[in-house]
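Working notes, beginning with the structure itself.
The values are calculated or read from the model by the stated rules, or taken from the named source; none is laboratory data. Quantities reported herein were computed from a predicted structural model and do not represent experimental measurements. Positions of Cβ are backbone-derived with ideal geometry, glycine not excepted, and every protein chain shown enters the neighbour counts. To get the accessible areas, we keep the full protein, side chains included, count just its heavy atoms, and leave off ligands, DNA and RNA. Shrake-Rupley method; radii C 1.70, N 1.55, O 1.52, S 1.80 Å.
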Amino acid sequence: MSLPAHQSVIPIHAPGRMTGFPRSTPLIGRSAELGRVGDLFESGHRLITLLGPPGIGKTRLAVCAAEQHSLRRRAWFCDLSNQRDYEELCRQLLATLAEPGRPHTAVAEVLASLGSALLVLDNFEQLVESAPTLEQWLADAPALALLVTTRERLATESESVVELRPLSLPQSPVTRQSVLESEAVQLFLERGAASGATTDEDLTSVAEIVRQLDGIPLAIELAAARTRVLSSEALARHLAEGRALLSLSKRTPTRHRTLADAIAWSWKLLTLQERHALAACSVFTGCFGVDAVERVLTALPVSETSALEILAALRDKSLIHRGPGDSLDMYASVRQFARERLETEFAEAETQTRAAHARHFADLAQRFVRSRLLLTPAGTLQPDVRLYSDNLAAALTFLESAGAVTILPAEERWRLRVELHAALAFLPALAAERSEHALKELLAVAPQAASSQHATAYLALHHATAARGLYDEALSWSSRLLDDEQTPADVKASALLRVGILQREHGRPRDAVLSHERATTLLQGEASQLAAVHLACLGRLHGDLRNFEEARRLDVEAEARCERLGERWLSALASSNLAQLEQERERFDRAEALLERAIARFRDAGELQYESLYAAICGGLYLEWGKQDLARRWYALGERPLELVPPGIPQVLLYGGRAVLEAEAGNARDALEQLQRAERSLGHRPSATGSVLLALLRASVELSTPTLAAQAREDARRRFDAATRPVGNDADATVAMNNTDTRFALRLLQRALQRSEERQPALRVAREGISFVLRDGDRVDLSRRASLRRLLAALARAQIEHPAAVLSVDDLLSAGWPGQRVQPEAAATRVRVAIATLRKLGLQELLLTRDGGYLLDPDEPLHIDE
């Protein structure tokens with residue numbers, strides 16, 4: 001494997017002033033941590049702790065830091081791997097300092113005699129009870145500095161901690177550059193090359209490998225050694241399957257020969273309570289919260305210590321670490337080791353622990369689904385649930401296993417599975433087809449008493465089938481609730497909300513109005529978030545139907561209600577509606593303020609679907625406003641959350657709008673690429689609104705693309721006229737004029753038509769140069785003048801493919817008289833005469849001489865008829 005030239009490698013050389021230091025390989029990455037250690041020493045700190053989990057590279061960093069400071073002070077390295085108490089610590093230290101045999105009481109005296117010195121104490125975690133002694137040594141030896149590597153904080157007064165995190169992983173989007181800039185990838189490539197592996201350019205697999213290994217240096221080194229016999233692709237696959245590959249390293253000491261040995265060393269230092277907790281935490285997939293840990297600990301021996309205290313202890317010992325937000329996480333290697341301990345040392349409690357995990361996340365799923373259905377306050381629950389979606393899926397896996405069957409009643413298992421499947425459908429974190437299939441199977445075996453879960457399943461099925469474009473089937477699931485007299489009013493109102501949204505998407509805004517009005521009647525003026533959102537939906541629909549004053553009234557009322565309820569992200573829905581009303585009236589500055597505030601609220605609430613939708617709409621606002629740089633920025637901001645929501649209209653607005661932007665900027669290739677992404681977003685079952693929206697945006701792109709504009713103009717004009725002046729009951733025209741988003745696309749198309757008509761080609765060249773037509777001129781026939789025809793075709797192709805490119809005399813001679821050999825002087829004359837003839841035929845203003853050659857004026861539009 002080849003190491004990139006720009007890798008961040010810190011070379012290590014063992015100078016003569018360093019005693020007892022192990023031989024080490026170059027340090028890759030860690031420049032920030034190394035700089036931090038240096039800054040602490042420079043500012044007078046004398047007890048610095050390098051803290052981190054097994055295999056994170058503490059020793060290697062300590063060696064490198066000591067080397068940097070060895071020019072100013074002598075440095076000694078003391079390995080404490082096998083020392084267990086204070087007396088053993090003193091004996092090892094005296095042996096390191098060449099004072100063996102002296103009593104441990106002489107340590108302070110020996111240290112003081114060193115003068116300005118640096119002492120590295122490696123692997124101190126099993127000696128933390130002796131940490132106060134370090135403070136006393138520093139007091140007795142005022143010129144001494146200590147650098148300690150440990151997996152557990154010393155918790156002394158003067159300790160300065162430098163915590164080591166994993167090496168940087170490839171950033172998204174994954175490109176060759178982003179992969180090679182990753183410190184973890186650099187280490188993998190360097191160690192693979194050192195082990196004799198052949199060059200492997202499969203950087204995608206390398207990126208996957210270092211991600212699976214959490215960027216932990218020891219794990220990466222052990223895996224890289226395997227590339228002597230496995231390709232990167234095979235290694236990534238083996239790691240994904242959980243195969244034990246991280247062993248047989250030549251690394252010393254013995255306890256570090258495998259990553260598992262390194263973790264086992266930390267396990268031995270834990271109390272029984274801490275082992276219980278770490279084993280229990282292994283059931284989590286991905287990150288977890290303190291409340292989840294409290295739940296799963298109930299299945300293990302009761303502890304008088306709170307979960308929070310135990311987690312703090314495990315955090316101090318570097319066995320768990322901070323995850324996103326307020327969550328906690330475990331490195332994959334630690335989790336795998338702890339899971340093995342759960343299955344062996346605590347086997348009697350394993351199934352109960354997994355059951356407690358499933359119950360906790362099913363409860364979270366239930367709260368989330370009810371908030372999505374607006375049956376309870378919405379709050380900001382979605383970010384937490386999305387963060388824990390892997391745990392929801394893991395809980396489902398357990399509930400479908402034999403272990404769950406043995407300890408959970410059938411009805412409880414059914415209820416838990418419905419809640420989890422519904423949550424994963426609403427996130428969405430599973431493919432819509434899989435959610436649909438699972439929920440249908442569960443309904444087929446539903447117990448009679450689970451009425452609330454029936455409603456949850458029906459509404460989740462509505463959502464899953466709608467995401468697949470199955471319009472009629474989605475409505476049928478909602479109808480089961482609406483037709484049932486036993487369904488509570490608020491559940492019916494929630495179903496009607498989803499029905500109205502679906503009807504609008506499928507080009508039936510008047511039916512949608514009736515659905516939302518029916519829901520408003522059911523709620524009978526309730527001051528609830530569900531009632532407020534129905535008002536916002538009615539406001540949007542009246543905006544679609546161009547009842548602008550009524551739309552404004554409803555949106556303002558909905559916004560005020562949501563604000564009073566404290567539902568700020570729901571109020572942002574009404575604000576966004578108001579923004580689009582302002583945009584349609586060309587009050588762009590007002591629309592800008594409303595949209596930016598709304599998007600910020602969606603982002604804070606973790607509402608990715610709305611964030612991406614309105615970021616796309618904000619991009620469209622700036623596109624229509626003529627602020628292309630801001631439009632490009634907002635389209636880019638909206639793309640990230642789009643990866644996490646089902647394909648549909650938001651993607652069409654974003655990719656289609658960006659396609660128009662790039663086409664207007666002259667970037668034809670980028671425009672067509674974005675248009676194709678928009679087309680793929682609709683899939684095989686596009687909605688009526690999505691289809692019309694895409695067709696209008698495509699027409700704008702084609703009009704703004706020079707090679708397509710002439711043939712597209714007639715079709716675009718016909719499409720625009722059909723939408724704005726429909727004949728009969730044209731369904732597409734009805735959709736186009738009765739939807740805010742499609743009217744935006746119509747305005748873009750109108751602008752493209754105006755530009756196209758203003759910018760008629762100055763020259764139209766027929767295929768192979770057989771004829772040409774100047775703007776508003778007559779056709780000039782060249783069919784019987786072969787050389788002139790070929791010359792003109794070559795000049796026209798050059799202007800289309802490479803604007804401003806000059807064709808030399810030789811280029812034109814080859815084009816006009818292919819295969820003929822002519823003396824240079826005669827060639828120049830022949831070409832000059834032909835150019836003069838073309839100019840006399842009408843091209844005198846367009847056919848330019850430049851740099852000894854010729855070209856058609858690149859500032860004048862040209863079209864080649866194919």
Placed amide H near Ser771: partners under 5 Å, 5+ positions off or other chain: Ala766, Leu782
DSSP-assigned coil residues among GluC sites (Glu not before Pro) in region 754-811, each with at most 12 further Cβ atoms within 10 Å: none
Can you tell me the FRET efficiency between Gln177 and Asn667 if r is taken as the Cβ-Cβ distance and R0 is 30 Å, rounded to the nearest 0.05? 0.90
Just how large is the dipole of region 458-547 about the Cα centre, in debye to the nearest 20, putting +1 at every Lys and Arg Cβ and -1 at every Asp and Glu Cβ? 320
Taking Lys and Arg as +1 and Asp and Glu as -1, residues besides Glu274 with C-beta under 12 Å from its C-beta add up to +2
Net charge, Phe744 excluded, C-beta distance under 9 Å - Lys, Arg +1, Asp, Glu -1: -1
Mind checking region 353-415 for GluC sites (Glu not before Pro) that DSSP puts in a loop (not H, G, I, E or B) and that have at most 16 other Cβ atoms within 10 Å? Glu400
In degrees, nearest 10, the alpha-carbon axis of helix 509-523 is tilted away from the dominant principal axis of the alpha carbons of the chain by 40
Between the Cα axis of helix 332-344 and the main Cα principal axis of the chain, the angle (0 to 90°, nearest 10) is 60
What is the local net charge at Leu118, summed over the other residues whose Cβ is closer than 11 Å to its Cβ (Lys, Arg +1; Asp, Glu -1)? +4
Calculate how steeply helix 471-482 sits against the longest principal axis of the alpha-carbon atoms of the chain, using the helix alpha-carbon long axis, and give the answer as 0 to 90 degrees to the nearest 10. 60
Identified option (computed semi-axes √(5λ) of the Cα gyration tensor in Å; candidates (1) 61, 44, 23; (2) 51, 38, 26; (3) 44, 40, 25): (1)
By the gyration tensor of its Cα atoms, with a ≥ b ≥ c the square roots of the eigenvalues, what is the shape of region 281-332: rounded for a/c under 1.5, prolate for a/b over b/c, or oblate? prolate
Using the Karplus curve 6.51 cos²θ - 1.76 cosθ + 1.60 with θ = phi - 60°, work out ³J(HN,Hα) for each residue of region 552-562 in order, rounded to whole Hz, and write x for Gly and Pro. 4, 4, 5, 5, 5, 5, 4, 4, 5, 5, 5
Treating only the Cβ of Lys, Arg, Asp and Glu as charged (+1, +1, -1, -1), what charge dipole size does region 318-411 show about its Cα centre? Round to the nearest 20 debye. 380
Gap in Å between the Cα centre of region 465-500 and the Cα centre of region 712-736? 33
Checking the cross-link filter: which aspartates and glutamates have an alpha carbon closer than 16 Å to that of Lys492, excluding same-chain neighbours under 8 positions apart? Asp483, Asp484, Glu517, Glu526
Using the Cα gyration tensor of region 313-406, with a ≥ b ≥ c the square roots of its eigenvalues, what is the shape: rounded (a/c below 1.5), prolate (a/b larger than b/c) or oblate (neither)? oblate
Of all the Cα-Cα pairs you can form in region 407-504, what percent are over 15 Å apart? 57
For Lys317, go through the lysines and keep the ones whose alpha-carbon is under 17 Å away, minus same-chain ones fewer than eight residues off. Lys58, Lys268
At R0 = 30 Å the Cβ-Cβ FRET efficiency linking Asp629 and Arg775, nearest 0.05, sits at 0.40
For region 815-866, which trypsin sites (Lys or Arg not before Pro) pass both filters: DSSP loop (anything but H, G, I, E, B) and at most 12 other C-beta atoms within 10 Å? Arg821
Using +1 at the Cβ of each Lys and Arg and -1 at the Cβ of each Asp and Glu in the chain, identify which of Ala358, His534, Thr258 lies farthest towards the dipole's positive end. Thr258
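How large, in percent, is the carbon and sulfur part of the accessible surface of the chain at a probe radius of 1.4 Å?
48
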Dipole in debye (nearest 20) - the chain, about Cα centre, beta carbon charges: Lys, Arg +1; Asp, Glu -1: 1940
Dipole of the chain [Lys/Arg +1, Asp/Glu -1 at C-beta], most positive-end residue of Ser476, Ala143, Val735: Val735
Where region 662-820 is the region considered: accessible area per residue in Å², 1.4 Å probe: 51
Compactness summary of region 710-757: radius of gyration and Dmax from Cα atoms, Å, are 10.8, 30
Listed residue (Val499, Pro170, Leu392) projecting farthest to the positive dipole end of the chain, Cβ model: Pro170
If you count only protein heavy atoms with a 1.4 Å probe, what accessible area per residue comes out for region 286-434, rounded to a whole Å²? 40
At what distance in nm do the modelled label points of Ala489 and His104 sit from each other, each positioned 7 Å from its Cα along Cα→Cβ? 7.8
